[in-house]
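Report on the structure given below.
The values are calculated or read from the model by the stated rules, or taken from the named source; none is laboratory data. Remember, it's a predicted structure, so these values are computed and weren't measured experimentally. Cβ: placed from backbone, ideal geometry, glycine included. Neighbour counts: every protein chain shown.
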Amino acid sequence: MFQGSSWQRCRVHFLRNLLSHVPKAGQDMVAAAMKAVFVIQAPEQVRSHWQRITEMLRKQFPTAVPVMEAATGDVLAFLHFPQEHWRKVWSTNPLERLNKEIKRRTNVVGIFPNDAAIIRLVGSQLLEQQEEWQLERRRFFSEATMVKIPEPEEALELSDGERAEEVAGAIT
């Protein structure tokens, strides 16, 4: 993960984890309430609905509350992106599929003779995926919607104290 980047937790995996802390009799109700989070269109309404669900769980299923509170930032990270991206960002299935394919291909080889060999294999798999997304018109995000992604609110600090903008300016 890159420094300063957000972490998006898959909503399906989160829901499974949350429901494991809820008795069987209440799982359908909690699942329906959680699924409503991903139907709401306004970011503030999503956050307030999340809080209402947390308070409901606090009264009925207190063991599920720490799971909700710990995952808030990870599950709702999609709210920082343009609404057109939400459906693609809140699920990690494309990344999981890509990782599974990389694992399958590296397992076939077994032992690599050197680091360059594994970099070539994994790099070619990543390049193949990128080309598929570009050429088959299945772009993950369009250029028009990428422009809508806001700049980070605060400048990233690099390990030696330099600001990211200073380094980027020196490179260009």
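Filtering region 53-92 to residues that are within 22 Å of residue 27 (Cα to Cα) and without any contact (Cβ under 8 Å) to a residue 12 or more places away in the chain leaves 55, 58, 59, 62, 65, 66, 70. Within region 55-68, the residues that satisfy the criterion of being within 15 Å of residue 17 (Cβ to Cβ) and either part of a helix (DSSP H, G or I) or modelled with pLDDT under 90 (or both) are 57, 63, 64, 65, 66, 67, 68. Kindly check whether there is at least one residue in region 9-20 that is farther than 25 Å from residue 85 by Cα and either surrounded by 15 or more Cβ atoms within 10 Å (Cβ to Cβ) or assigned by TED's automatic domain parsing to the domain that holds residue 75 (or both). So far as region 9-20 goes, yes, one or more of its residues are farther than 25 Å from residue 85 by Cα and either surrounded by 15 or more Cβ atoms within 10 Å (Cβ to Cβ) or assigned by TED's automatic domain parsing to the domain that holds residue 75 (or both).
Filtering region 39-67 to residues that are of a type in the set (A, V, I, L, M) and either more than 21 Å from the chain's Cα centre (by Cα) or surrounded by 14 or more Cβ atoms within 10 Å (Cβ to Cβ) (or both) leaves 40, 46, 53, 56, 57, 64, 65, 67.
Would it be correct to say that residue 75 is under 22 Å from residue 129 (Cβ atoms) and among the hydrophobic types (A, V, I, L, M, F, W, C)? No, not satisfied.
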